[in-house]
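Asker: Take a look at this one; I'll ask things after.
The values are calculated or read from the model by the stated rules, or taken from the named source; none is laboratory data. Bear in mind that the values here come from a model prediction, so they are computed numbers and not experimental data. Virtual Cβ from ideal backbone geometry, glycine too; neighbours counted across all protein chains shown.
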Amino acid sequence: MGMSNFLQQLANGISLGSLYALLAIGYTMVYGILRLINFAHGDIFMVGTYIAFYSMTSFLLPWWLSFLIAMILTCIFGIIVEKAAYKPLRNSPRISVMISAIGASFLIENLAIVLFGGRPKAFPIPDMFNKVVKIGNVSIVSVNFYIPIITGILLLILLYVVNNTKTGMAMRAVSKDYEAARLMGIDVNKIVSFTFGIGSVLAAMGGIMWGLKFPNLVPLMGLMPGLKCFIAAVVGGIGDIRGAVLGGFILGLGEIMIVAFLPSLTGYRDAFAFILLIVILLLKPAGLMGKNLTEKV
Amino acid sequence: MKRKIALLMVLVLVTTTLFIGCSTEANENADNENDVIKIGVFEPMTGVNAAGGAMEVEGIKLANELYPEVLGKKVELVIVDNKSDKVEAANAATRLVDKEKVAAIIGSWGSSFSMAAGPIVADAKVSAVGASCTNPLVTKGNDYYFRVCFIDTFQGKVMANYAVNELGAKKAAIIREVSNDYSVGLANFFMNTFKELTGDENAIVGIADYNTGDQDFTAQLTNIKKLNPDVIFAPGNYSESALLIKQARELGIDAPILGGDTWEAPEFLEIGGKAVEGAVFSTFFTSEVPITKKSEEFLEEYRKRFDKEPASVTALGFDAYLVILDAIKKAGTDDPVKIREALAKTKDFEGAAGVITLDENGDAVKDAVIKQVKDGKFTYLTTIKSKGN
């Protein structure tokens with residue numbers, strides 16, 4: 001394998017990994033605050049992509065406006081899902097909320113099949129995202145430069161919000177203990193909604209980037225990315241935003257390298273993610289960046 | 001006292017529901033036996049192959065609209081979604097034979113789904129007619145499976161011939177959708193003929209695989225690029241193939257990319273955009289060269305309703321329905337076993353996508369059409385005769 005070939009594969013892996021990282025941030029964010037695995041995250045991601053698609057094709061809006069609208073509407077949609085499926089179960093055992101999350105996920109998927117139809121839609125790609133850039137012998141499509149930049153910016157904003165603002169402080173308090181946070185005068189419901197809103201904006205952003213990279217929209221498109229980003233989040237240490245980014249890159253690079261160097265194992269590409277999950281859970285259950293916390297009694 | 005009244009109410013409720021249940025059932029049975037013949041359709045209406053299923057169903061419904069009766073009875077279509085999934089395809093077929101008790105079945109786009117339904121229709125002794133499933137194994141060894149299209153041994157030859165004779169290719173690379181029987185089978189037949197024609201055992205320089213539903217093919221394509229083939233043969237589902245070709249062009253692969261009949265879906269053009277320009281594939285039918293009188297009727301009615309050109313598989317869906325109708329007419333009954341006997345004897349039947357004669361395996365022997373993407377449209381290149389190959 002020549003050097004340029006290896007560099008090309010590396011570029012392929014990094015661009016796929018940064019997309020996974022972007023999606024995993026949203027996943028880990030909701031988990032970090034609510035200790036809830038939001039199985040509907042992949043479907044909110046799908047809804048966001050479809051909203052952007054329809055604003056561009058049916059309403060003929062410019063792409064930047066469509067992306068903005070998609071993020072706002074998806075944010076509202078995410079909050080509605082939270083109010084309908086999770087809020088009524090705030091004081092129930094965690095397992096009930098998880099089952100409710102799975103139910104919400106199925107409901108959204110099937111509604112999408114009815115509303116959007118089962119046939120795939122082609123996501124329109126603005127020219128600036130579709131240019132091929134050549135560096136030596138390595139070809140990279142321009143969208144692959146935007147994805148890591150956007151991921152990086154969002155990462156910085158999120159870290160700032162969570163660590164340095166009053167809302168962030170409230171979020172961290174809620175993540176530790178609902179009751180105590182409420183006693184301290186924090187409006188728990190508002191904080192949870194806020195978290196979900198941010199998580200959904202991230203999902204929409206991820207969906208739009210996904211659409212620009214793989215312009216093939218189907219109602220079940222959120223299923224596999226949802227699972228993989230859940231794994232990326234767990235590998236990095238679920239609840240840890242920087243860990244999610246790390247997990248996303250490991251997953252993306254791993255997938256590409258398996259296909260590149262062991263072509264006979266191509267069929268097991270998706271299995272790689274799950275094997276990685278099992279190995280991490282066995283060796284380092286808290287994830288690569290996670291802290292081992294002793295369970296409260 | 002209250003309890004007694006409650007008990008009475010419950011009794012009344014239960015008995016009325018029972019009666020209602022009985023009466024509707026009786027009605028349905030009467031309907032079934034007297035004036036309706038059911039034809040089952042199982043196609044992918046959702047999932048990754050949804051466009052293929054939708055296009056076939058368009059043709060089947062159009063045929064049903066134009067020819068709604070046989071033996072003086074109304075023909076009812078029972079359409080079941082197989083969700084682009086092999087397990088669901090088996091479930092759908094089971095539902096059609098066990099619950100709906102259909103006289104015959106049409107389906108399915110995607111050889112894998114037809115193969116999953118094969119043993120079920122054979123056990124139930126209900127014949128199935130595939131519209132566009134081209135893998136030889138669909139009908140082989142199954143007395144109850146037929147199809148109105150050619151098979152991949154022929155299609156593979158056609159494309160290998162095109163690659164060698166038209167493009168002058170000496171080295172080919174293969175990209176397969178490895179979880180799809182259609183793609184793997186077709187790739188094999190292509191490879192055999194390609195090696196034969198070039199007289200070079202090593203004419204296939206590389207084989208890469210991907211899974212149904214994959215979106216990223218950059219790793220496989222980077223490996224293929226380094227082999228520098230003259231031509232790439234990449235049969236597979238339309239949406240994956242479109243993404244694959246797009247990524248190949250972005251990586252700087254200039255070799256012509258060839259495929260099979262599954263590419264003929266509008267989604268292939270939409271998703272692939274400019275990247276799929278020049279892609280060449282074999283298919284069953286072209287609206288530019290009507291073959292029979294039925295083709296003209298089909299084209300006229302289709303254009304009137306949909307205001308666009310039909311896909312090949314739409315014409316084949318249309319034909320599958322008509323072949324079954326013809327068999328029911330000849331059998332003079334809706335008994336599935338008798339229908340099978342009549343179906344097996346189908347000879348010189350004039351369909352929209354050509355004249356259909358079923359051979360001993362239940363396959364139609366037909367000409368193939370080669371099409372190319374030009375200016376964002378599928379354009380007709382040439383017809384390859386089934387004989388003399």
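Asker: Would you confirm whether any residue within the stretch B:347-362 is surrounded by 13 or more Cβ atoms within 10 Å (Cβ to Cβ), without any contact (Cβ under 8 Å) to a residue 40 or more places away in the chain and not in a loop (DSSP other than H, G, I, E, B)?
Answerer: Yes, some residue in the stretch B:347-362 is surrounded by 13 or more Cβ atoms within 10 Å (Cβ to Cβ), without any contact (Cβ under 8 Å) to a residue 40 or more places away in the chain and not in a loop (DSSP other than H, G, I, E, B).
Asker: Here is a follow-up. What are the pairs, 6+ residues apart or on separate chains, where a residue within the stretch A:137-149 that is farther than 14 Å from A:Ala21 by Cα has its Cβ under 6 Å from a residue that is modelled with pLDDT of 90 or more and part of a loop (DSSP other than H, G, I, E, B)?
Answerer: Note: pairs meeting the criteria are A:Ser139/B:Leu251; A:Ser139/B:Gly252.
Asker: Next up: Quick check: anything in the stretch A:35-57 more than 26 Å from A:Lys213 (Cβ to Cβ), in contact (Cβ under 8 Å) with a residue 12 or more places away in the chain and in contact with a helix residue (DSSP H, G or I) (Cβ under 6 Å, 6 or more places away or on another chain)?
Answerer: Taking every residue of the stretch A:35-57 in turn, at least one turns out to be more than 26 Å from A:Lys213 (Cβ to Cβ), in contact (Cβ under 8 Å) with a residue 12 or more places away in the chain and in contact with a helix residue (DSSP H, G or I) (Cβ under 6 Å, 6 or more places away or on another chain).
Asker: In the stretch A:153-211, what residues are not acidic (Asp, Glu) and not in a helix (DSSP H, G or I)?
Answerer: Within the stretch A:153-211, A:Thr165, A:Met184, A:Gly185, A:Ile186 meet the criteria.
Asker: Something else now. Got a sec? Which of A:Gly152, A:Gly168, A:Gly197, A:Gly185 is touching a residue at least 24 places away in the same chain (Cβ under 8 Å) and not hydrophobic (A, V, I, L, M, F, W, C)?
Answerer: Details: A:Gly152 fails: touching a residue at least 24 places away in the same chain (Cβ under 8 Å); A:Gly168 fails: touching a residue at least 24 places away in the same chain (Cβ under 8 Å); A:Gly185 fails: touching a residue at least 24 places away in the same chain (Cβ under 8 Å).
Answer to the selection: A:Gly197.
Asker: A follow-up question, please. Please go through the stretch B:173-201 and give me each residue that is at pLDDT 90 or above and of a type in the set (S, T, N, Q), ordered by number.
Answerer: Result: B:Ser183, B:Asn188, B:Asn192, B:Thr193, B:Thr198.
Asker: Looking only at residues that are within 22 Å of B:Ser112 (Cβ to Cβ) and in contact (Cβ under 8 Å) with a residue 60 or more places away in the chain in the stretch B:206-234, which one is farthest from the other protein chains (Cβ to nearest Cβ)?
Answerer: B:Phe233
Asker: Which residues, counting only those in the stretch B:285-310, are at pLDDT below 90 and crowded, with 22+ Cβ neighbours inside 10 Å?
Answerer: Of everything in the stretch B:285-310, those that are at pLDDT below 90 and crowded, with 22+ Cβ neighbours inside 10 Å turn out to be B:Phe285, B:Thr286.
Asker: In addition: Can you pull out the helices (runs of 4 or more DSSP H) entirely within the stretch B:182-300 that have at least 3 residues that are of a type in the set (D, E, K, R)?
Answerer: Numbers: elements: B:218-227, B:238-250, B:266-272.
Where helices (runs of 4 or more DSSP H) fall fully within the stretch B:182-300 and carry at least 3 residues being of a type in the set (D, E, K, R), they are B:238-250.
Asker: Can you tell me which residue in the stretch B:135-180 is nearest to B:Phe233 (Cα to Cα), limited to those that are surrounded by fewer than 24 Cβ atoms within 10 Å (Cβ to Cβ) and acidic (Asp, Glu)?
Answerer: B:Glu166
Asker: Filter the stretch A:110-141 down to the residues that are part of a loop (DSSP other than H, G, I, E, B), touching a helix residue (DSSP H, G or I) at 6+ places or on another chain (Cβ under 6 Å) and facing chain B (nearest Cβ under 10 Å) and list them by number.
Answerer: Let us first name the residues in the stretch A:110-141 that are part of a loop (DSSP other than H, G, I, E, B), namely A:117-120, A:122-126, A:130-131, A:136-137.
Of the ones still in play, those that are also touching a helix residue (DSSP H, G or I) at 6+ places or on another chain (Cβ under 6 Å) are A:118-120, A:122-126, A:137.
Within the stretch A:110-141, A:Gly118, A:Arg119, A:Pro120, A:Ala122, A:Phe123, A:Pro124, A:Ile125, A:Asn137 qualify.
Asker: In addition: Which residue is surrounded by the most Cβ atoms within 10 Å (Cβ to Cβ), if the candidates are limited to the stretch A:83-92 and must be touching a residue at least 24 places away in the same chain (Cβ under 8 Å) and in a helix (DSSP H, G or I)? Outline the logic, then answer.
Answerer: From the stretch A:83-92, those touching a residue at least 24 places away in the same chain (Cβ under 8 Å) are A:83, A:85-87, A:90; that's our starting set.
Subsequent filtering for residues that are in a helix (DSSP H, G or I) retains A:83, A:85-87.
Working: A:Lys83: 14, A:Ala85: 20, A:Tyr86: 23, A:Lys87: 15.
Here the residue is A:Tyr86.
Asker: Being more than 14 Å from every other protein chain (Cβ to nearest Cβ) and touching a Phe, Trp or Tyr at 6+ places or on another chain (Cβ under 6 Å) narrows it down to one residue among B:Phe154, B:Phe190; which is it?
Answerer: None of the others qualify; the one that does is B:Phe190.
Asker: Let me confirm something: among A:Ala260, A:Ala271, which residue is among the aliphatic types (A, V, I, L, M), assigned to a helix (DSSP H, G or I), at pLDDT below 90 and over 20 Å from the mean Cα position of the chain (by Cα)?
Answerer: Answer to the selection: A:Ala260.
Asker: Okay, moving on. Which is buried (at least 18 other Cβ atoms within 10 Å of the Cβ) and assigned to a helix (DSSP H, G or I), of A:Pro215, A:Pro148? Give the derivation first.
Answerer: Values: A:Pro215 fails: assigned to a helix (DSSP H, G or I).
Answer to the check: A:Pro148.
Asker: Let me ask something else about it. Of everything in the stretch B:138-181, what is within 24 Å of B:Lys385 (Cα to Cα), assigned to a helix (DSSP H, G or I) and not hydrophobic (A, V, I, L, M, F, W, C)? Give them in sequence order.
Answerer: Across the stretch B:138-181, the qualifying residues are B:Asp152, B:Thr153, B:Gln155, B:Gly156, B:Lys157, B:Asn161, B:Tyr162, B:Asn165, B:Glu166.
Asker: Ok, one more. Given the residues A:Ile258, A:Ile275, which is the only one that is over 30 Å from A:Lys166 (Cβ atoms), within 14 Å of chain B (Cβ to nearest Cβ) and free of Cβ contacts under 8 Å to residues at least 40 places away in the same chain?
Answerer: Of A:Ile258, A:Ile275, the one residue that is over 30 Å from A:Lys166 (Cβ atoms), within 14 Å of chain B (Cβ to nearest Cβ) and free of Cβ contacts under 8 Å to residues at least 40 places away in the same chain is A:Ile258.
Asker: Something else about it: Which one of the conditions (1) in contact with a helix residue (DSSP H, G or I) (Cβ under 8 Å, 6 or more places away or on another chain); (2) more than 24 Å from B:Asp85 (Cβ to Cβ); (3) of a type outside the set (D, E, K, R) does B:Cys149 fail to meet, given that it meets all the rest?
Answerer: With (1) in contact with a helix residue (DSSP H, G or I) (Cβ under 8 Å, 6 or more places away or on another chain); (2) more than 24 Å from B:Asp85 (Cβ to Cβ); (3) of a type outside the set (D, E, K, R) applied to B:Cys149, the lone miss is (2).
Asker: Of the conditions (1) modelled with pLDDT under 90; (2) not assigned by TED's automatic domain parsing to the domain that holds B:Ala124, B:Gly354 satisfies every one except a single condition; which number is it?
Answerer: (2)
Asker: How many residues does the stretch B:89-108 hold that are in a helix (DSSP H, G or I) and in contact with a Phe, Trp or Tyr (Cβ under 8 Å, 6 or more places away or on another chain)? Talk me through it step by step, then tell me what you get.
Answerer: Our first condition is that a residue be in a helix (DSSP H, G or I); within the stretch B:89-108, this holds for B:89-99.
The next check asks that each one be in contact with a Phe, Trp or Tyr (Cβ under 8 Å, 6 or more places away or on another chain); those that pass are B:89, B:92-93, B:96.
Matching residues across the stretch B:89-108 total 4.
Asker: Could you pull out the residue among A:Met221, A:Met205, A:Met209 that is under 14 Å from the mean Cα position of the chain (by Cα) and either at the interface with chain B (Cβ under 9 Å from one of its Cβ atoms) or among the aromatic types (Phe, Trp, Tyr) (or both)?
Answerer: On inspection, the qualifying residue turns out to be A:Met221.
Asker: Can you tell which of A:Gly236, A:Gly211, A:Gly247 is farther than 17 Å from A:Gly42 by Cβ and touching a helix residue (DSSP H, G or I) at 6+ places or on another chain (Cβ under 8 Å)?
Answerer: None of the others qualify; the one that does is A:Gly236.
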